[in-house]
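Asks: Could you have a look at this structure, given as structure tokens, before my questions?
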Amino acid sequence: MARLPTCLLRPRLGLLLCLGVVLQGLQSVNGASNLPSSRPKPLQEVRGTVEALLDDFLKHLSISEYLPANLTENPRRLSLKRDAFLDQVMGVISPSQQPLPVVLHDQTAIQKQQFIDNLVNQMTIPELALQMHLMFADNIIGVNSDNGGYDTAMQIAPTAGVGVINDWYPTNASQYNSVQQLNLDKSRLKIPIMVYGECVHGVGSFKQSMFPQAIGISASFDAALAYSVGRAIGTEARAIGIHACLAPVLDLGKETRWGRTQEAWGEDFVHTALMGAAFSSGLSKNSSWADPDAVVPVLKHFAAYGSPRSGLNAAPSMLRGLREVMQEMLVPFKAAIDLGGARGVMMSYNELDEIPASVHPVLYGALAEWGFDGFTTADDTGMAQLFTIHGVASSPADAIAQWFNAGGMINFYDFPIDLFVNSTVDLVANGTVQKSILQDHVRKILGVKYDLGLFNDPFIPDSIDFQALTVAHTPLTLDAAHKSIVLLENRDSTLPLDPAAHKIKTIALVGPFSDILNYGDYSGQWGMYPTNRSSTVRQAMIAHLKANAPSVSLVSSWGTDTWTYHGQYNIPAYLLSFGGTLGMRGTYFADTNFSKPVFTLQETPNRDWGLYPPVGLPSNNFSVVWEGELEVPVDGAPVDGWLGVAVADNCSASLFVDGVLVSHRAAIPGSTIIGNIQLGANTTRAPPGGAEFRFEAGAKHQLRLEFQAFNLFQKIQNFGSLNAEVELFWNLVDRTDAVQKAVDVARTADVVVLAVGANWNSDGENGDRATLGLSPNQTVLADAIFALGKPVVLVLQGGRPFAIPEYYSKAAAVVDAFFPGQSGGQAISDVLFGVFNPGGRVPLSVPFDVGTLPVYYNYKATSHVNNFTDEDIGSYPTYSFGYGLSYTTFTHENFNAQGRTAFSSGDTITFAVKITNTGRTAGSYVPQVYLLQRVSAVTTPVQQLVAFTRVYLAPKEQQVATMSLEVDRFLRVVNRENEWELPTGQYTFALLENSGFLASTDTNVTLTCV
């Protein structure tokens, strides 16, 4: 007889627990100690075993305590109920005759809270603590990727089970399923693991789809697009076992020197709330968390992290006070919780009003007020910083106590597991932390796991193909990139470029972003991989001209680096080929000596393999040979740059060009891959692993790259989570006079496309800037190109606004593409040639100068009573929030509130306006409704966005656009008594082209709040 699990032998659960017991016992009958794979027993034998288990369970219960009187007083009725119950169990089992998972708790017969309470009430302090400990994946997976680290990692409490795991991106279902199964086998209470994953604009595996960064999606002003992108990312994340996506970032980017501005959704709280909630809804599949293609959104960073003093990451907030936090900063978080299915909140590093956000009572009080039933989590080492940086805790134990008592739940690599668990035990023992607090925290964590369906089935079906999903989402990456692009200037209708009409024979594409991938942070190294199904600007422009204007030439030159040092730039796939197919042929060997070939792949050698061997190889110690032809994309005079290969720790690489060894790296500790953010980097040194190489126009070279991977050590959190990585790179910046060579190329053209901006090496976490111009080297290049006197189309990429008014005023046209994702090159080309009509709007006001910050649009009236004496434009931005141009024209009429003249608390106001595309080109328009300043007991902005939408219209087409405003969500204020209030009186809502101070407010409607 199988021993009944103690988690189910609890009094007062009643007969309905029998199903869970029976199915648990059935596992022993069928021998299903691992994933369901063994042959099931004959049905009659199974029925006999089930019946015996059921009788044994009933015999050990005091029936009179747990069953209604009408059953206990009637043995025959009880027998009939028993037989009917048995028939139902067999009815479930018999159709498929498949073995059942190790744990299949009865969710239909037991209320969620009863089920969770049953588990929590059995848990020891170490078991509670470990549900709130974030486990680094390689501590479990181990150096051999065989899950050999589990026992060592869990030796503090061997049967407690892993609660949450991070930095884990399996490459097939069996890798994930084996860890989940191992944890169920080892743990006493059989609680499944929940997996964290990065999902800001693509899954953190960096082997799946890469969409435009959040700031780009935000610029689309298209909530439906945000939902679609979230839906795709959520589907791809769950396909590799991620349950909790650490996204979206709902910080308001009111300080644009902050390096992580790209991850947020702009400066406005209403816009961020609506776009962020839509993205969250996509991730959660409209709160259908248990579906196999849905995840739990974990909102970050709570709160006011995106507006640090001086723009320095994690610095104290620059905000006016807690009223601004409540009225603006917290609004997007509440919207994503209410509307987007968010079930996690990540506490931020910064402090508010001299209290670290991690333990701030106002923030936890807000979550409680909202009825938030999810979990809170620290940011990476954020809880430890109470002790190490903020100085509000006297010891690690004190930091842990403050964290728990404030409302904090899951830690994030804060302290070693033994210190965390032992301190928690001691804190409960000495009364500093009540056991009930830990239990309440764990109830919420288990509640999320329950809603994710993990207690029912924690495994990934073998049928899910995450690579096929990635391919299927490629068109959406292009659609998102198209819609995120903003047209800032278009003098004399320079764009779209029409070679025939404009008599263009040669186009020059100049700049460091002309022929590279540029995804922004939370992507592969330097924001340049994955490279599959990606496109650069040059690649896409060449293809367009070949198909539509074959007589027009495109010439190109980099002219300078993306930042102030010589970088390693991945070679795009379209310039590599083998046998006429893009990419190189990689032959994978099962040993490190290139002697046991197993399979081949057509790919570019710019990749990693996570914490596992390449799929199909038995070991992390392997070798690869990539072979192919390189096409040189240089025009004009030869470029003396660099060609090379960089690798991670304990990896070896040898690069041969035309049979000659040009670069070699032995397998020694230390990576030659340049980190993303380099402070004070040398501006003349060759990129590590790079060999001096002359690139000549039209040249082709045969490449052979030999790579060996030796995985010798277990990885450490925050110090690398990849076993092996390789980067085949070049640098096409001439070592002697790069700018002059670019100028010489541009001089031959009729129009110049100048591709400049920012890369992850300047824009990203801890990539904060004191200035907002182009990098000094790019400024030199831009000045030289503009000095030619030719029409210049300025194409910007990057994660924050650029304060470059001198270039905005000189350029024939200006396009801002932000970080446009894997299809960014194609999208930019499509906009330049008119294949797609841009319609994005500025989500972050563009300052005239860094000295005018902050320049967010929803300022108070006193902010601009005076202007600076040393700037022609004064204190206003060059382009305000909501600004954007189009290749067509629009008119609007009959702006109204659909007959409404008054509103009150609980109402939703619907605005309507008829939009007409009066031009000859299909395009999109973004109507924006702003509340104008009104009389109030607390000051209000001069104008505040309250509603928007984006409509897509064919030429001459009309459409009535509607926009909704939730009154209580967006119009309430915190009054002088620090209470929420919806002030009564008149409200004037104006339809504006954008938020600029010169925008006309004449089109408006006034309603009365009663």
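The values are calculated or read from the model by the stated rules, or taken from the named source; none is laboratory data. All values reported here derive from a predicted model rather than from experimental measurement. Here Cβ is always computed from backbone atoms with ideal geometry, including for glycine, and neighbour counts include all displayed protein chains. Protein only, heavy atoms only, side chains kept; ligands, DNA and RNA dropped before computing areas. Shrake-Rupley method; radii C 1.70, N 1.55, O 1.52, S 1.80 Å.
Asks: With runs of 4+ DSSP H residues as the only contributors, calculate the mean residue ellipticity of the chain at 222 nm using -39,500 (n - 2.57) per run, divided by the residue total and rounded to the nearest 500.
Replies: Value at 222 nm, helices only, nearest 500: -8000 deg cm²/dmol.
Asks: Which value, in Å² rounded to 10, gives the accessible area of MET347 with a 1.4 Å probe and all protein chains present?
Replies: 0
Asks: Next up: Please go through segment 639-724 and write out the chymotrypsin sites (Phe, Trp or Tyr not before Pro) that DSSP classes as loop and that have at most 13 other C-beta atoms within 10 Å.
Replies: PHE713, PHE719
Asks: If the cut-off is 17 Å between C-alpha atoms, which aspartates and glutamates fall inside it for LYS254, apart from same-chain ones fewer than 8 positions away?
Replies: GLU263, GLU267, ASP268, GLU324, GLU328, GLU351, ASP763, GLU765, ASP768, ASP849
Asks: A further question follows. Report the relative contact order of segment 338-398, percent, no decimals, based on alpha-carbon pairs under 8 angstrom and at least 6 residues apart.
Replies: 36 percent.
Asks: Oh, and also: At 1.4 Å probe size, with no ligands or nucleic acids counted, give the accessible surface of GLU354 in Å², nearest ten.
Replies: About 130 Å², rounded to the nearest 10.
Asks: How many angstrom lie between the C-alpha centres of segment 839-870 and segment 376-399?
Replies: 36
Asks: Could you pull out the chymotrypsin sites (Phe, Trp or Tyr not before Pro) across segment 810-886 that fall in loop regions by DSSP (anything but H, G, I, E, B) with no more than 16 other Cβ atoms inside 10 Å?
Replies: PHE868
Asks: Keeping every protein chain in place, order LYS956, LYS112 by accessible area at 1.4 Å, biggest value first, i.e. largest first.
Replies: Putting LYS956, LYS112 in descending order of accessible area: LYS956, LYS112.
Asks: Provide ASP185, ASP492, ASP222 ordered by accessible surface of protein heavy atoms (probe 1.4 Å), highest first.
Replies: ASP492, ASP185, ASP222
Asks: Further question on the same structure: Highest mean first, what order results for 568-574, 806-812 on Cβ atoms within 10 Å?
Replies: 568-574, 806-812
Asks: Computing the accessible area with a 1.4 Å probe over protein heavy atoms, can you report the carbon and sulfur percentage for segment 377-416?
Replies: Solvent-exposed carbon and sulfur of segment 377-416 make up 58 percent of the total.
Asks: Under a straight-distance cross-link criterion of Cα-Cα below 18 Å, which lysines are reachable from LYS503, leaving out those fewer than 8 residues away in the same chain?
Replies: Qualifying lysines at Cα under 18 Å: LYS546, LYS790.
Asks: Sticking with this one: Given 0.36 nm per residue, what is the gain on full extension from ASN405 to LEU788 after removing their alpha carbon distance, in nm?
Replies: Working it through step by step, the gained length comes to 131.4 nm.
Asks: Name the long-range amide H neighbours of LEU774: under 5 Å, sequence gap of 5 or more, or other chain; modelled H, no Pro or chain starts.
Replies: When sequence neighbours closer than 5 places are left aside, there are no close amide H contacts.
Asks: Which lysines does LYS444 reach when only Cα atoms under 27 Å apart count, and residues fewer than 8 places away in its own chain are ignored?
Replies: Within the straight-line cut-off, LYS444 pairs with LYS112, LYS186, LYS190, LYS285, LYS300, LYS334, LYS435.
Asks: Given a 1.4 Å probe, how much area per residue of the chain is accessible, in Å²?
Replies: 35
Asks: What is the sum of charges, Lys and Arg at +1 and Asp and Glu at -1, for the other residues whose Cβ falls under 13 Å from the Cβ of SER995?
Replies: -2
Asks: Rank these residues by their accessible area, most exposed first, probe 1.4 Å: ILE828, ILE542.
Replies: Result of the area sort, largest leading: ILE542, ILE828.
Asks: If you don't mind, another one. Within a Cβ distance under 10 Å of GLN525, other residues only, what is the Lys/Arg minus Asp/Glu net charge?
Replies: Around GLN525, the surrounding residues sum to -2.
Asks: Let me ask something additional. Test of the criteria: in segment 951-980, which GluC sites (Glu not before Pro) are in a DSSP loop and have at most 16 other Cβ atoms within 10 angstrom of their Cβ?
Replies: Within segment 951-980, the qualifying GluC sites (Glu not before Pro) (loop, at most 16 other Cβ atoms within 10 Å) are GLU957, GLU977, GLU979.
Asks: Okay, moving on. List, in order, the whole-Hz ³J(HN,Hα) value for each residue of segment 850-856 obtained from phi through the Karplus relation with A = 6.51, B = -1.76, C = 1.60 and θ = phi - 60°; use x for Gly and Pro.
Replies: 4, x, 8, 4, x, 10, 4
Asks: Let's see if you can work this out: charge +1 on each Lys and Arg Cβ, -1 on each Asp and Glu Cβ, no other charges. What is the dipole magnitude of segment 811-934 about its Cα centre, in debye to the nearest 20?
Replies: Computed about the Cα centre, the dipole is about 520 debye.
Asks: For the chain, go through all pairs of different Cα atoms, get the mean of 1/r, take its inverse, and jot down that Kirkwood value in Å.
Replies: Result for the chain, one decimal place: 30.5 Å.
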